[in-house]
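Structure first, then comments.
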Amino acid sequence: YNINEEYNNTIKKHCIFEYFYFMRKNTTVNNINVTLFREEIGRLLFKDIQKKVDLYEKLKKYSTKDELIVCGIPESGIIQAKSFCKEIKGEYVQIIEKNRHKNSGQRTFILDSNKSRVEACKKKYIISQYYQLFIKDKVVVLVDDSIVRGNTIKYLIDFVRYYKPKEIHFLSASPPIINKCSYGVDFPDIEDLIASNNSTSQIEKNLNLNSLTYLNKDYFTQEKYKNMFCLECFNK
C-alpha cells in the first residue's frame with residue numbers, strides 16, 4: 001500500500017465557480033484566463049438559445065428591428081453578456097449598475113436571510129435616470145453568472161419591469177445549481193436552491209420572466225474541459 005501512489009492517481013478538479021464568479025476578470029489560473037473563459041460562456045449561451053428555435057427567431061427579429069438590448073448583472077455577468085450580445089447582434093446597454101456610494105461589497109447569496117438579501121440588493125444596484133429611458137417597450141435580455149436562491153434575480157427583474165419593457169429574458173451563465181457544495185462554497189441547503197425543486201417553466205413563472213435559459217452542463221464533460229472542474233453542485 002503506497003499512499004503517495006494513491007495520491008498521484010487522484011483526479012484533481014477545480015471549483016468551476018472560481019471561474020464563473022469569484023475570480024477577477026484579469027486572472028489566469030490553471031492556464032485558463034477568466035475573461036476568455038467567460039467570453040466563451042457567452043458564445044455557448046448563444047448556442048443554447050439557437051437550440052430553442054422559436055425563442056431564437058423571436059430574439060433575432062427584435063434584434064433586427066433594434067428593439068433588443070442586452071445587459072449583464074455587474075460585475076460577474078458582464079463579460080458573458082457582452083459576448084452573447086455580439087453573437088445575437090443586439091445592443092449592449094448597462095442599464096443595471098452597482099451603486100458605488102452605497103455598495104457594501106457583500107455577496108448577496110451568502111447573507112443569512114431573505115430580508116437581508118433583498119435589502120442588500122436595494123443598496124447594491126441602481127438604474128440611473130439616463131438608462132431608464134432605454135427600457136420602455138424594449139426586449140431586455142439579462143445575463144448573470146448563476147441563479148442560487150433566486151432572490152437577487154427576482155428583485156432585479158421586478159426593478160426592470162417597473163420601467164415597462166416589452167419582455168424580459170434571462171440567461172444563467174452556469175447550469176442549474178441543484179446540490180449544495182460539500183467542499184467549501186457557501187451555497188444554502190438544497191431546499192433553498194431554486195432549481196433543486198422547481199422546473200425551468202416554474203422558475204420562469206415565479207420570477208415573472210418571458211424565458212429562462214441555463215447554460216448546458218454537458219459542455220464541461222466534453223474533451224476540452226473533461227475532468228477539469230468539479231460539477232457536483234449541478235448533479236443530484
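Residues of region 77-94 that are surrounded by fewer than 23 Cβ atoms within 10 Å (Cβ to Cβ) and in a loop (DSSP other than H, G, I, E, B): Lys89, Val93, Gln94.
Each row is one residue, and each column tells you yes or no for (1) within 29 Å of Val140 (Cα to Cα); (2) assigned to a strand (DSSP E or B); (3) among the hydroxyl-bearing types (Ser, Thr, Tyr).
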site: Phe170; (1), (2), (3): yes, yes, no
site: Gly184; (1), (2), (3): no, no, no
site: Glu191; (1), (2), (3): no, no, no
site: Asn206; (1), (2), (3): yes, no, no
site: Asp218; (1), (2), (3): yes, no, no
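Of all residues in region 104-134, those that are open to solvent by less than 50 Å² (accessible area, probe 1.4 Å), at pLDDT 60 or above and in contact with a helix residue (DSSP H, G or I) (Cβ under 9 Å, 6 or more places away or on another chain) total 7.
Of the residues that sit in region 153-196 and are basic (Lys, Arg) and farther than 20 Å from Lys124 by Cα, which one is most open to solvent (accessible area, probe 1.4 Å)? Here the residue is Lys164. Do we have any residue at all in region 174-187 that's out of contact with any helix residue (DSSP H, G or I) (no Cβ under 8 Å at 6 or more places or on another chain) and over 23 Å from Ile78 (Cβ atoms)? Yes, some residue in region 174-187 is out of contact with any helix residue (DSSP H, G or I) (no Cβ under 8 Å at 6 or more places or on another chain) and over 23 Å from Ile78 (Cβ atoms).
Residues that are outside any helix (DSSP H, G or I) and either touching a residue at least 60 places away in the same chain (Cβ under 8 Å) or surrounded by 14 or more Cβ atoms within 10 Å (Cβ to Cβ) (or both) within region 10-32 comprise Ile11, Lys13, His14, Cys15, Ile16, Met23, Lys25, Thr27, Asn30, Ile32, listed in sequence order.
In the condition set (1) touching a residue at least 12 places away in the same chain (Cβ under 8 Å); (2) over 25 Å from Cys181 (Cα atoms); (3) of a type outside the set (Gly, Ala, Ser); (4) assigned to a helix (DSSP H, G or I), Tyr56 is compliant with all but (1). Scanning for something in a helix (DSSP H, G or I), over 28 Å from Glu119 (Cβ atoms), among the aromatic types (Phe, Trp, Tyr) and free of Cβ contacts under 8 Å to residues at least 24 places away in the same chain, does region 33-41 turn up at least one residue? Yes; the residues of region 33-41 include at least one that is in a helix (DSSP H, G or I), over 28 Å from Glu119 (Cβ atoms), among the aromatic types (Phe, Trp, Tyr) and free of Cβ contacts under 8 Å to residues at least 24 places away in the same chain.
For region 156-187, the tally of residues that are small (Gly, Ala, Ser) and closer than 21 Å to Ser201 by Cβ stands at 3. Go through the residues of region 163-179 one by one and say whether even a single one is over 18 Å from the mean Cα position of the chain (by Cα) and within 28 Å of Lys13 (Cβ to Cβ). No, region 163-179 contains no residue that is over 18 Å from the mean Cα position of the chain (by Cα) and within 28 Å of Lys13 (Cβ to Cβ).
Applying the criterion of being touching an Asp or Glu at 6+ places or on another chain (Cβ under 7 Å) and part of a loop (DSSP other than H, G, I, E, B) to the residues of region 116-148, the residue that is farthest from Lys58 (Cα to Cα) is Ser128. Only one of the numbered conditions (1) within 21 Å of Lys124 (Cβ to Cβ); (2) modelled with pLDDT under 95 is violated by His14, and that is (1).
Looking across region 135-152, the residues that are under 20 Å from Lys123 (Cα atoms) and open to solvent by 20 Å² or more (accessible area, probe 1.4 Å) come down to Arg149, Asn151, Thr152. Regarding Tyr163, is this residue in a loop (DSSP other than H, G, I, E, B) and over 18 Å from Leu55 (Cβ atoms)? Judged against the criteria, Tyr163 is a match.
The values are calculated or read from the model by the stated rules, or taken from the named source; none is laboratory data. Note that this is a predicted model, so its numbers are computed, not measured. All Cβ positions, even for glycine, are placed from backbone atoms using ideal geometry, and neighbour counts span all protein chains on display. Heavy atoms of the whole protein, side chains included, go into the accessibility calculation; ligands, DNA and RNA do not. Shrake-Rupley method; radii C 1.70, N 1.55, O 1.52, S 1.80 Å.
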